[in-house]
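The values are calculated or read from the model by the stated rules, or taken from the named source; none is laboratory data. Just so you know, these numbers come straight off a predicted model, no measurement behind them. Here the Cβ is made from the backbone with ideal geometry for all residues, glycine too, and neighbour counts use every protein chain on show. Surface accessibility is based on the protein's heavy atoms, side chains included, excluding ligands, DNA and RNA. Shrake-Rupley method; radii C 1.70, N 1.55, O 1.52, S 1.80 Å.
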Amino acid sequence: MTKIILAAGALKGSLSASAAADAMARGLTTSGFDATLIKLPIADGGDGTLDAFLSAGGSRTPVRVHDPLGHAINADFGLLDDGTAVIEMALASGLARIDPVQVNPNSALIASTFGTGELIRAALDHGAKRIIIGLGGSATTDGGAGCLAALGIRFLDVQGRAIAQFGGGFLDQVSKIDLDGLDPRARGTEWIIATDVQNPAIGEQGAARVFAPQKGAFDHATVERLENNLRHFFDLVKHTTSVDVSQIPGGGAAGAFAAGLLAFLPARIASGIDLLLDHVSFDVHLADANLVITSEGRIDAQTLGGKAPLGVARRAAARGVPTIALVGGLSGDSAVLVEQGIIPFPITSAPMSLQDAVRDADTLVASAAQRLGYLLKLTKWDG
């Protein structure tokens, strides 16, 4: 019998990875195409990372934390069966945590990762000795200062007073970094930063200039203020630690959060999608699979930079297994995607607004999978 792996990714703002996999399965089953379906929700460190890891087992723990703008909210972290904690930073410090009408230059300046630090502290309280932090979907450009403050590092102004704000707009106030209060458990923990971003913390391809405009920094002045503040901050980090993290590939992830963690903690960067695929034994399932179906809200140039669908397609191609991606939007040359092992299959069947597509995503994915099933039946496809 044909075996199909449903390596579904989340469709931002509409479907979780698990829900997308369920919709795929429903559509294929409705088509009557006879196949064994294996649901493996995926993520690359961003939206849906916690859900994807917990799909293979583990527990979820709610914590009261602060959102990017300092409001009290509930956010979860996960504990895997081996005791590893999984932190999806977007659940505490993500752009989705801010009302869209409040996303503006001011929010871009004050947004902080403090809430993610509170999640991490809770994971340490639960005895975690290994922590995976998924970076993606952030609202922040604070170099990780907020998170590090929650873990006990003090950022002092020229008068030796602890600064009260940790957003990127306040980093120029930091004159000294006091490490004495850093939670001692942090140094004895294995830290893995899950991201597929390759941008450095500062520079033309850095966190502020590339990503801050997506987070409310709509004007050049705000972007340059964040860029200059990050430059000041990481110069001070270098002076304090004798380590220059400003140009490390991937350090720019989540508003240079990754670089901040690398500077002060025994951390390393790893491919988010590869971490997840290893965790769910993707290669084992591939051994006798005939087809992989993945999903993405929009496939574009960023996808080819290392996003989840590309990671899935590369592994599948290495085993001679084709990958079809059900996508909400498609930008660029499909031939380039096919060269990378991804066959795009749009989920929309008629022109519609983004609002309607988000609202009807479950039906659209199921209908697309149903049409794909009919096509597979028509061609008598069996891999």
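Please give the FRET efficiency for residue 241 paired with residue 126, using the beta carbon to beta carbon distance and R0 = 30 Å, rounded to the nearest 0.05.
0.60
For a label point 7 angstrom out from the Cα of residue 283 toward its Cβ, which stretches of the stretch 310-324 have the backbone nitrogen within less than 16 Å?
311-321, by backbone N distance to the label point.
Would you mind telling me the share, in percent, of accessible area of the stretch 179-317 contributed by carbon and sulfur at probe 1.4 angstrom?
Carbon and sulfur atoms account for 50 percent of the accessible area of the stretch 179-317.
How big is the antiparallel share of DSSP beta bridges in the chain, given as a percent to the nearest 5?
30
Sketch the reach of a paramagnetic label on residue 64 as a point 7 Å from Cα along Cα-to-Cβ, and name the residues of the stretch 108-146 whose backbone nitrogen lies under 15 Å away.
118-119, 122, by backbone N distance to the label point.
P(r) for the stretch 1-154: what percent of alpha-carbon pairs falls in each 10 Å bin, starting at zero?
Reading the bins upward from 0: 12, 36, 30, 15, 7, 1, 0.
For an R0 of 25 angstrom, estimate the FRET efficiency from the Cβ-Cβ distance between residue 380 and residue 339 and round to the nearest 0.05.
0.40
Can you list residues whose amide H is under 5 Å from residue 39's amide H, if they're 5+ apart or on another chain and H is modeled 1.01 Å from N?
6
Roughly how many Å² of residue 170 are accessible to a 1.4 Å probe, to the nearest 10?
In the full protein context, residue 170 sits at about 50 Å².
Have a look at the stretch 87-158 and give its Rg and Dmax from the Cα atoms, expressed in angstrom.
Answer for the stretch 87-158, Rg first and Dmax second: 12.9, 39 Å.
Compute from the Cα atoms of the chain the Rg and the Dmax, the latter being the longest Cα-Cα distance, and quote both in angstrom.
My reading of the Cα-based Rg and Dmax gives 21.2, 75 Å.
First select every other residue whose beta carbon is under 14 angstrom from the beta carbon of residue 168; then total the charges, Lys and Arg +1, Asp and Glu -1.
Here the charged neighbours net out to 0.
Cα-Cα pairs above 20 Å in the stretch 1-84: how many percent?
For the stretch 1-84, the share of Cα pairs beyond 20 Å comes to 47 percent.
Once fully extended, how much extra length lies between residue 159 and residue 198, figured as 0.36 nm per residue of separation less the alpha-carbon to alpha-carbon distance? Can you show the working numbers first?
Working: separation 39, 0.36 × 39 = 14.04 nm, distance 3.67 nm.
Here the answer is 10.4 nm.
Where the centre of each part is set by its Cα atoms, how far does the stretch 148-189 sit from the stretch 85-141, in angstrom?
What the calculation gives is 17 Å, centre to centre.
Skip the ligands, DNA and RNA, and give the accessible area per residue of the chain with a 1.4 Å probe, whole Å².
I get 40 Å² per residue for this part.
Probe 1.4 Å, all protein chains in place: accessible area of residue 24 in Å², nearest 10?
The value for residue 24 is about 0 Å².
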